[in-house]
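Comments concern the structure below.
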């Protein structure tokens, strides 16, 4: 097990990455939260609960009250939030209650947001079960839900008191989900961790074969990278923006496909390929680096093909919430292991990058 | 004009109380927020906008985008919040946007909550127009909405960047609203400000006659009291709890009457009368003090009569969110100008206090 410390101005907590964590949660949470309160809630999905519910309950003397969120982005809504809040009131929840978000990114985002606003904020624990949620959404305190107009437009910054990333749960992921999740680690390597890039290049077989030690290494490195950035820039005023590598067009792709055709990591992967194009054209990466980086992305593919128009993607990217006062921010790789944020990517340049990416996405190399 | 500084660990801002503030808002906000962003929103009610919209707009070069919340507790819901959030997206709102909550307590609570969760938090300004919202809900950073199960069960702590309490707007309040609001000042005097109690005893004619100087004095003193408490205890861990004098049974009355029969200040006034009973029985106030305090409440009456059962109120008070782990906290006056929080008020004692209060509420003295 590896322990990664998150320390921002507003919160300090540990992320634990390793195997066997699910079965020993209760004493681990008690060590952090003190004696467990009268009401402990676990928000989960029916599928995760069917697979892992028994292991989850093993260490609790009194079983937490289970609340269920149906799967899919379409349930990541204020309506779901209201339903969960009401169930918590009905079950006697109060300000001392603790909520455990046990599932993928959607469960984590919704569970975090519910915890942020239930009686103006209660403590919560993240127990992410997908690759993506383990490396990405459980660190940083971002919580929230979607509006019909776009993703994550509503939410709070609310940090968990602890995160337990159990790599054993990755054993039940589909291949596609695992591969999509690994794109977050590819991203982590690109923006801050050359060694991780090399490890992922050299150990693809072990990683994709779900070797627990290899997974722990990739996940811990990815979390450590993100924690390092968040520790220095909690509210995304500057540095934290680099975590959005691949997100400008990634979000646009998700929006244009109504969040149905692609997994988040797949959309971000395509977005990164577009970013490589702009970075290469601007000279922040060499041609060899661009090729090597794109190869790593495809090593963890295949990525789904796309049938979209470049202009449409550029238009969709205009509603991105990272745009403050109309400025279009864009994250560019600088060599391998660094990145920078620029504000001067014109629509035409973005459209050229989108066109390059879409050409790749038709005759997919993988 | 008086300026009251709020300084908590998470926020520092000023509350301005005086006359003529509405007409000069834009330059005042610019002085605090810097150049106004591309999108400024004003959340208000149709009635307030009809009365004060023109004055509000007078100082803005570019008029803010007006969003409307229909009047009444029944619109203080997550559904209203969602509708406002979606209108803000449709109008091009982004993370740099500023929202001005211009209206009574409901507009302030909803506007604050919308600002807390729109794109994970934007800046907002409170411009409260009712007595109650000027002295109470615009200081402290509490924001939120109701659930069908109870009031303010969902929300955030999110501080405004400034509060402008213009006493001129009190000129359009109904007598009943003004009197109910003044109960908050009575409460402020009871728990921390003997001088305010005396001023309210001596100057009832000027205050109820809406003399602007008298109102400014009462409002500034009430805000100063609350700011002093909140400055020392932002998250209601201890001291801030004393602000809830009268709220245990006050909330129960509101719940039992479905938030329809009484104004908040009226319910709190009845709750304070019950608290005086317990305080007198326990000896934290003398008989003479209890009489003097109850007289002051009735001086700013009349309070509506109540037809409720004591046992029902006690049951309703059980779902109060101030109860952590089942402990029933209760705020007791200690002499005039001080208060304390106790945790040992048994249901029987609460029921006796409720019965005393209900007896008063049938043969209302006023």
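The values are calculated or read from the model by the stated rules, or taken from the named source; none is laboratory data. Remember, it's a predicted structure, so these values are computed and weren't measured experimentally. Note that we place each Cβ from the backbone using ideal geometry, even for glycine, and neighbour counts take in every protein chain shown.
Residues considered: B:258, B:281. Of these, the only one that is farther than 29 Å from residue B:205 by Cβ and in a loop (DSSP other than H, G, I, E, B) is B:258.
Strands (runs of 3 or more DSSP E) wholly in the stretch B:18-131 with at least 1 residues that are under 28 Å from residue B:222 (Cα atoms) - which ones?
Passing ranges, in order: B:40-44, B:98-103, B:123-128.
When every residue of the stretch B:134-141 is checked against the conditions, at least one turns out to be within 14 Å of another protein chain (Cβ to nearest Cβ), modelled with pLDDT under 95 and either more than 23 Å from residue B:9 (Cα to Cα) or outside any loop (DSSP other than H, G, I, E, B) (or both).
Being in contact with a strand residue (DSSP E or B) (Cβ under 8 Å, 6 or more places away or on another chain) and either within 14 Å of chain A (Cβ to nearest Cβ) or modelled with pLDDT under 90 (or both) is the filter here; which residues of the stretch B:321-366 pass it?
So in the stretch B:321-366, the residues in contact with a strand residue (DSSP E or B) (Cβ under 8 Å, 6 or more places away or on another chain) come out as B:321, B:329-334, B:339-343, B:345, B:350.
Result: B:321, B:329, B:343.
Only a single criterion out of (1) touching a residue at least 12 places away in the same chain (Cβ under 8 Å); (2) within 28 Å of residue B:297 (Cβ to Cβ); (3) surrounded by fewer than 24 Cβ atoms within 10 Å (Cβ to Cβ) is not satisfied by residue B:162, namely (2). Annotation for the stretch A:40-47: at least one member residue is within 14 Å of chain B (Cβ to nearest Cβ), modelled with pLDDT of 95 or more and buried (at least 18 other Cβ atoms within 10 Å of the Cβ).
Annotation note: of A:87, A:2, A:30, the sole residue that is surrounded by fewer than 20 Cβ atoms within 10 Å (Cβ to Cβ) and under 30 Å from residue B:145 (Cα atoms) is A:87.
Within the stretch A:302-312, identify whether any single residue is in contact with a strand residue (DSSP E or B) (Cβ under 6 Å, 6 or more places away or on another chain), farther than 22 Å from residue A:132 by Cα and in contact (Cβ under 8 Å) with a residue 24 or more places away in the chain, and answer yes or no. Checking the stretch A:302-312: not a single residue is in contact with a strand residue (DSSP E or B) (Cβ under 6 Å, 6 or more places away or on another chain), farther than 22 Å from residue A:132 by Cα and in contact (Cβ under 8 Å) with a residue 24 or more places away in the chain. For the stretch A:110-133, filtered to residues that are surrounded by fewer than 24 Cβ atoms within 10 Å (Cβ to Cβ) and either more than 9 Å from chain B (Cβ to nearest Cβ) or touching a residue at least 60 places away in the same chain (Cβ under 8 Å) (or both), the residue that is farthest from residue A:35 (Cα to Cα) is A:122.
Table: residues versus (1) farther than 30 Å from residue B:309 by Cα; (2) part of a helix (DSSP H, G or I); (3) within 14 Å of chain A (Cβ to nearest Cβ); (4) modelled with pLDDT under 95.
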site	(1), (2), (3), (4)
B:169	yes, yes, no, yes
B:183	no, yes, no, no
B:190	no, yes, no, no
B:205	yes, yes, no, no
B:214	yes, yes, no, no
B:219	yes, yes, no, no
B:227	yes, yes, no, yes
B:231	yes, yes, no, yes
B:236	yes, no, yes, yes
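For the stretch A:85-99, indicate whether the set of residues that are under 23 Å from residue A:212 (Cβ atoms) and touching a strand residue (DSSP E or B) at 6+ places or on another chain (Cβ under 7 Å) is non-empty. No, the stretch A:85-99 contains no residue that is under 23 Å from residue A:212 (Cβ atoms) and touching a strand residue (DSSP E or B) at 6+ places or on another chain (Cβ under 7 Å).
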